[in-house]
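Undergrad: Here it is: the structure, laid out below.
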Amino acid sequence: LLEVGGRPALVRVAETFLAHPATGEVVITVPGELEAEAVKAIAQTANPRGVRVSIIPGGATRQHSVALAIEALTDERDRTQAVLDSLSEAVLGLDAMAGITEMNRAARNLLGLESVSAGTPLVDVIRVPQLIETVAEAQQGRSAHTELVWPGPPRRVLSASASPQRTRGRCVVVLRDV
């Protein structure tokens with residue numbers, strides 16, 4: 001690995017991304033012959049927020065390496081969506097601005113939505129103050145729970161739990177019909 005100032009450049013760059021509050025995942029492509037060395041270097045790199053780091057062998061060109069990294073991210077996202085869609089509870093992933101980043105099939109059904117564009121503010125979809133307050137607690141790093149009345153249709157009582165993610169400000173909300 002290329003060293004700069006006595007440390008691998010890969011480690012220096014990784015530390016910058018791993019420290020940034022908006023980083024949720026890092027995918028690193030390296031030449032195949034350097035993969036083991038890169039894995040070892042990244043394993044020893046500080047990762048205080050526990051950001052997921054994947055190291056994959058790159059392609060013959062930079063363009064091919066970027067394509068492989070995007071494919072790895074897409075595969076992971078597809079896997080995550082399949083898991084979410086298999087759950088009977090409504091699950092929503094929220095970013096640090098309380099914008100919806102993920103929503104499973106059960107959430108779309110419960111809320112009567114076909115789809116929601118990524119980043120749509122939660123408050124634009126669910127205008128229930130108790131849920132907004134519960135999300136605010138989770139965004140401060142504390143798990144929170146409440147029961148709320150969903151006006152529907154049909155009108156129903158929901159149990160809502162919000163849990164913080166390792167990435168500051170992000171959280172996951174689970175809604176259950178009580």
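The values are calculated or read from the model by the stated rules, or taken from the named source; none is laboratory data. Computed from a predicted model, the values in this text were never measured in an experiment. In this analysis, Cβ positions are derived from the backbone assuming ideal geometry, glycine residues included, and neighbour counts consider all displayed protein chains. Please note that ligands, DNA and RNA were not included when accessible areas were found on the heavy atoms of the full protein model with its side chains. Shrake-Rupley method; radii C 1.70, N 1.55, O 1.52, S 1.80 Å.
Undergrad: Semi-axes of the equivalent ellipsoid of the chain: what are they in whole Å, largest first, if each equals the square root of 5 times a C-alpha gyration tensor eigenvalue?
TA: 38, 18, 12
Undergrad: Can I ask one more? Can you pull the one-decimal nm distance between simple spin-label points at residue 54 and residue 166, each 7 Å off the Cα toward Cβ?
TA: So the two model labels end up 1.5 nm from each other.
Undergrad: A further question follows. Would you please give the residues with an amide H less than 5 Å from that of residue 156, counting only those at least 5 places away or on a separate chain, with H modeled from the backbone geometry?
TA: Hits under the 5 Å cutoff: 150.
Undergrad: With θ taken as phi - 60° and the coefficients 6.51, -1.76 and 1.60, list the Karplus ³J(HN,Hα) couplings across the stretch 28-42 in order, rounded to whole Hz; mark glycine and proline as x.
TA: 10, 9, 9, x, x, 6, 9, 4, 4, 5, 5, 4, 5, 5, 6
Undergrad: For the pair residue 89 and residue 22, what calculated FRET efficiency results from E = 1/(1 + (r/R0)^6), where r is the Cβ-Cβ distance and R0 = 25 Å, to the nearest 0.05?
TA: After rounding, the FRET efficiency stands at 0.35.
Undergrad: Ignoring ligands, DNA and RNA, what percent of the 1.4 Å accessible area of the chain is carbon and sulfur?
TA: The C+S portion of the solvent-accessible surface of the chain is 54 percent.
Undergrad: Report ³J(HN,Hα) in whole Hz for each residue of the stretch 64-73, in order, from the Karplus equation J = 6.51 cos²θ - 1.76 cosθ + 1.60 where θ = phi - 60°; Gly and Pro get x.
TA: After applying 6.51 cos²θ - 1.76 cosθ + 1.60, I find 5, 5, 5, 4, 5, 5, 5, 4, 4, 5 Hz.
Undergrad: Sorting check: for 135-142, 90-97, 124-131, which peptide has the highest mean count of neighbouring beta carbons within 10 Å, and how do the rest follow?
TA: 90-97, 135-142, 124-131
Undergrad: Which distance in nm do the two modelled labels at residue 40 and residue 137 give, with both placed 7 Å along the Cα-to-Cβ direction?
TA: 4.7 nm
Undergrad: Nothing charged except the Cβ atoms of Lys and Arg (+1) and of Asp and Glu (-1): what's the magnitude of the dipole of the stretch 1-104 about its Cα centre? Round to the nearest 20 debye.
TA: About 380 debye.
Undergrad: Taking only the C-alpha atoms, wrap a convex hull around the stretch 2-103 and report its volume per residue in Å³ as a whole number.
TA: Given the Cα convex hull of the stretch 2-103, per-residue volume reads 127 Å³.
Undergrad: Using protein chains only and a probe of 1.4 angstrom, how many square angstrom of residue 7 are accessible, to the nearest 10?
TA: Counting only protein heavy atoms, residue 7 exposes about 80 Å² to solvent.
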